[in-house]
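Have a look at the structure below, then the notes.
Read the figures in this text as sums done on the coordinates, not as results from a lab. What you see is a predicted model, and the numbers here were worked out from it, not measured in a lab. Here the Cβ is made from the backbone with ideal geometry for all residues, glycine too, and neighbour counts use every protein chain on show.
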Amino acid sequence: MSFGFGIIGCGMISRFHAKAIADIENASLVGCWNRTPDSSQKLAEETGCAAYDSLEEMLANPDIHVVTIGTASGAHLDPAVAAAEAGKHVIIEKPLEVTLERCDKIIAACEKNNVKLATIFPSRFHESSKLMKSAVDAEKFGTLTMGDAYVKWYRTQEYYDSGAWRGTWEMDGGGALMNQAIHSVDLLYWFMGPVKSIVAQTATLAHDRIEVEDVATASLQFENGALGVIEATTAAFPGSLKKIELHGSAGSATLQEEDITVWDFAEPTENDKTLLEKMSNRTESGGGASDPAAIGHHGHTELFKDAIDAIENDTTPLIDGHEGRRSVEIILGVYEAAKSGRRVDL
């Protein structure tokens, strides 16, 4: 079966969706819609798809089976529910939504209408990320003791001024954590398991006219007993690649964007040295460290393929709505801990 796609929200990220769809043999981009017609018309001209005047008109097209949503973060709910009620499968850019209540409404609508729901976290589909996850599952680290995520990026004042929704609680849902570091929060949860409790601090230090944080630190305790930290900022010039470090009683590994830079275990295998050599120097872009457009679309491609496979075989996408909700819960826990000055138990 060939799957027709529709794109909702025609800003920067829609170009990555379009490229990913074009790379999939049994998928095609049929149409797009944006609240601002000029934006949808521009994407249509670039890709050869149809620009729709209304969301309802696009969702009524039987040739569209899947929609991807890349609107402002706090505007995911309404189009997602409308798509589900129209019988379309739904793929949503991170975060799933900006509150747990809104996440739950999306999940409920998709389950009620028996359509698949996937949340876009492309980093889970990178080969290096999957190798880290496999090492955890194989207990190569022994007892996990620490899991740390560092996202020290840079965004200019012009970045925040470029859209009225940027840097607002209502539409952005948060700052450096919710918008940028959420990819690493998702990976850290995927590697380490659920978070039990959080102590945190946030601040807005280097940007004007934003409501949200541009610096955040959090100390975590995971349900498995391990400890960890999250450091996130959009105020670290010039910006560096995001990094995750895993440590245990029998090994340590470091993931830097798509590179594995540390892979050291008490019981090494013959493949360890080869793997480390193979998985270094793989990052081909800036990873979004200083330019949000400086990312690849290959992770999106694999995630879209996973969603199509789930539709064809009636299985669950790797990152369904419930999985997508978890990173939102952790980040909201960080915000609550920072605001209250107390430990928050999830």
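Legend: Rg and Dmax of segment 190-326, from Cα coordinates, 18.1, 54 Å.
What does the charge count near Leu205 come to, summing +1 for each Lys or Arg and -1 for each Asp or Glu among other residues with Cβ under 12 Å from its Cβ?
Working: positive: none; negative: Asp208, Glu213, Asp214.
Within the 12 Å Cβ shell, the charges total -3.
Over all pairs of different C-alpha atoms, the chain has a mean inverse distance whose reciprocal, the Kirkwood radius, equals 20.6 Å. Charges at C-beta only: +1 for Lys and Arg, -1 for Asp and Glu. How large is the resulting dipole of segment 3-115 about its Cα centre, in Debye rounded to 20? That gives a dipole near 220 debye.
Distance between the C-alpha centres of segment 249-270 and segment 294-321: 27 Å, rounded to the whole angstrom.
For a Förster distance of 22 Å, can you work out the FRET efficiency between the beta-carbons of Val229 and Leu275, rounded to the nearest 0.05?
Plugging the Cβ-Cβ distance into 1/(1 + (r/R0)^6) gives 0.25.
From most to least packed by mean Cβ count within 10 Å, the peptides 13-25, 62-74, 313-325 give 62-74, 13-25, 313-325.
What is the sum of charges, Lys and Arg at +1 and Asp and Glu at -1, for the other residues whose Cβ falls under 12 Å from the Cβ of Lys278?
After counting each charged neighbour, the total is -3.
Within straight-line reach of Lys242, meaning a Cα separation under 16 Å, sit the following lysines at least 8 residues removed in sequence or on another chain: Lys152. Electrostatic tally near Asp78: other residues with Cβ closer than 13 Å to its Cβ, Lys and Arg +1, Asp and Glu -1, net 0. Considering only Ala80, Asn113, Thr99, and ranking their Cα positions along the charge dipole of segment 78-121 that arises from unit charges at the beta-carbon of Lys, Arg, Asp and Glu, the one farthest toward the positive end is Asn113.
Can you give me the relative contact order of the chain as a percent, contacts being Cα pairs under 8 Å and 6 or more apart?
On the way: 771 pairs, mean separation 67.6, N = 346.
Relative contact order here is 20 percent.
Listed by chain and number, the aspartates and glutamates placed with their C-alpha closer than 12 angstrom to that of Lys273 are Asp264; residues fewer than eight positions away on the same chain are left out.
Annotation: peptides 173-185, 244-256, ranked by per-residue average of other Cβ atoms within 10 Å with the highest first, follow the order 173-185, 244-256. Highest average first, the peptides 207-215, 267-275 ordered by how many other beta carbon atoms sit within 10 Å of their residues are 207-215, 267-275.
Output the pairs from Lys105/Lys196; Lys133/Lys339; Lys88/Lys339; Lys140/Lys305 with a Cα-Cα distance over 27 Å in this structure; if there are none, say none.
On the way: Lys105/Lys196 24 Å; Lys133/Lys339 33 Å; Lys88/Lys339 39 Å; Lys140/Lys305 29 Å.
Where the Cα-Cα span goes over 27 Å, the pairs concerned are Lys133/Lys339; Lys88/Lys339; Lys140/Lys305.
Dipole size of segment 72-129 about its Cα centre, with +1 on Lys/Arg Cβ and -1 on Asp/Glu Cβ: approximately 100 debye, rounded to the nearest 20. Length gained on full extension, Glu139 to Glu127, computed as 0.36 nm times the residue gap minus the Cα-Cα distance: 2.5 nm. Label zone of Val262 (point 7 Å out along Cα→Cβ, amide N under 16 Å): in segment 101-132 this covers 132.
Using just the C-alpha positions of segment 3-115 as equal point scatterers, what log10 of I(q)/I(0) does the Debye formula give at each q in 0.12 1/Å? Normalising to I(0) and taking log10 leaves -0.36.
Given bins 5 angstrom wide, list per bin the percent of all Cα-Cα distances in segment 88-206, short to long. Pairs per bin, as whole percents: 2, 8, 15, 19, 18, 17, 13, 6, 2, 0.
Per DSSP helix of 4 or more residues, -39500 (n - 2.57); summed, then divided by the residues of the chain. What does that give at 222 nm, rounded to the nearest 500? Don't jump to the answer; show the numbers that get you there.
On the way: 12 runs with 124 residues, N = 346.
Calculated mean residue ellipticity at 222 nm is -10500 deg cm²/dmol.
Of all beta bridges that DSSP places with both ends in the chain, some 60 percent have antiparallel geometry. In straight-distance terms, cross-link reach from Lys19 covers every one of the aspartates and glutamates whose alpha-carbon lies under 18 Å from its own, apart from those fewer than eight places away in the same chain; here that gives Glu45, Glu46, Glu93, Glu284, Glu302, Asp306.
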